[in-house]
Amino acid sequence: MASRPKVTQQKRARERARQERQQEKLRRREESKERRANTPAAPGDEDPDIAGIVPGPQPSPWNDDDLIDEPEEEVENSAPANGGSQ
């Protein structure tokens, strides 16, 4: 009979090492989550490009709101003036 290689012991060792790495990662994630939750946000953490902007329509940065023409009222009778068809 041929002897079997000791793969099962190596495989168990690899699996145990993998589980230990996963547990270490989980522990580090929980620690960092707690650290972030307990650390107050610094006042300068806001993006300067969007600081002070509120949701909704924004005022025009060029102050040309008064230059926008209001749409003209549509004529009720849109038939041609000559009354004929072409």
Suppose we filter SER78, SER32, SER3, SER85 for residues that are of a type in the set (Ser, Thr, Tyr) and either surrounded by 10 or more Cβ atoms within 10 Å (Cβ to Cβ) or modelled with pLDDT of 95 or more (or both); which single one remains? SER32
Which of the residues belonging to the stretch 5-59 are acidic (Asp, Glu) and not in a loop (DSSP other than H, G, I, E, B)? GLU15, GLU20, GLU24, GLU30, GLU31, GLU34, ASP45
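The values are calculated or read from the model by the stated rules, or taken from the named source; none is laboratory data. Keep in mind the model is a prediction, meaning the values are calculated, not measured. When we count neighbours, we look across all protein chains shown, and the Cβ atoms used for this are built from the backbone with ideal geometry, even at glycine.
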